[in-house]
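Worksheet: one structure, shown below.
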Amino acid sequence: MIETKKEALAQFHRTNIIRAAEKLFLEKGIKSTTMDNIAKEAEYSKATIYVYFMNKEEIISSITLISMKMYLNTITEALAQSTDIYQQYFNLCYSLVNFHRDYPFYYECLLREINVDVDLDETPKVYKEIYNAGEEINKVIGSMLEKGINSGIIRSDIHIIETVFLLWASISSVIRMAVEKEKYLSKFFGITKENFLQYSFETLLKSILAKGK
């Protein structure tokens with residue numbers, strides 16, 4: 001019981017520090033935010049901050065883990081809404097669109113580089129948890145592709161893991177482009193951001209569909 005209370009208190013302090021860091025990262029940017037800034041915002045001494053986090057990178061990584069877990073739940077729920085591969089694919093695409101809209105900072109964290117030295121004893125626990133969460137997300141998307149292949153909808157010659165990364169790269173890039181170039185798309189092409197997203201997702205899907213589908 002004593003250990004449980006200790007862990008709960010530690011988690012309370014970690015959460016406060018993370019929330020303070022998130023606020024500053026959004027206001028000042030990650031690079032411009034210092035550990036001193038975070039300590040002041042969280043109303044802790046700098047020494048106390050270092051009790052719970054080795055450095056700023058570990059705080060950032062903890063936020064990344066939060067974003068990964070949130071998106072894992074989001075995509076799992078999105079794909080569970082239908083058994084139709086086509087619908088699942090578009091649910092996947094728009095789950096990321098909505099995640100970007102609702103949690104822009106967490107969205108950017110999703111796309112950060114992942115530390116892959118997870119087998120080293122000195123690798124912090126949070127990096128291993130991020131890696132595992134990422135693998136779970138990839139498995140969810142990979143499972144959708146496998147079902148599509150087995151049902152004859154998705155091409156049987158695709159490489160699952162490479163295609164998962166292709167989808168990640170393509171969908172996330174299209175979302176960024178649609179948001180950043182929304183006015184350009186409207187003025188010079190006469191289309192909305194939503195039109196561009198739908199067209200892009202449909203075109204991407206065609207690249208992995210089996211012939212005749």
- Task: Could you please let me know if residue 99 is closer than 30 Å to residue 24 by Cβ, not acidic (Asp, Glu) and not in a loop (DSSP other than H, G, I, E, B)?
- Result: yes
- Looking at residue 185, is it over 19 Å from the mean Cα position of the chain (by Cα), surrounded by fewer than 13 Cβ atoms within 10 Å (Cβ to Cβ), in the same structural domain as residue 77 (by TED's automatic domain parsing) and among the aliphatic types (A, V, I, L, M)? no
- Are there any pairs, at least 6 apart or on different chains, whose C-beta atoms fall under 7 Å, with the first in region 68-96 and in the same structural domain as residue 200 (by TED's automatic domain parsing) and in a loop (DSSP other than H, G, I, E, B) and the second at pLDDT 95 or above and not aromatic (Phe, Trp, Tyr), and if so, which? 81/91; 82/88; 82/91
- Item | Unmet requirement for residue 76, which otherwise passes all of (1) modelled with pLDDT of 95 or more; (2) over 21 Å from the mean Cα position of the chain (by Cα) | (2)
- Please go through region 96-119 and pick out each residue that is aromatic (Phe, Trp, Tyr) and surrounded by 15 or more Cβ atoms within 10 Å (Cβ to Cβ). 99, 103, 106, 107
- Filter region 36-57 for residues that are surrounded by 16 or more Cβ atoms within 10 Å (Cβ to Cβ) and over 23 Å from the mean Cα position of the chain (by Cα); which is nearest to residue 124 (Cα to Cα)? 52
- Qualifying residue in region 64-73 (condition: exposed (fewer than 13 other Cβ atoms within 10 Å of the Cβ), at pLDDT 95 or above and either small (Gly, Ala, Ser) or in contact with a Cys (Cβ under 6 Å, 6 or more places away or on another chain) (or both)): no
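The values are calculated or read from the model by the stated rules, or taken from the named source; none is laboratory data. Since we're looking at a predicted model, the values are computed, not measured. Every residue, glycine as well, gets a Cβ built from its backbone with ideal geometry; the counts of neighbours run over all protein chains shown.
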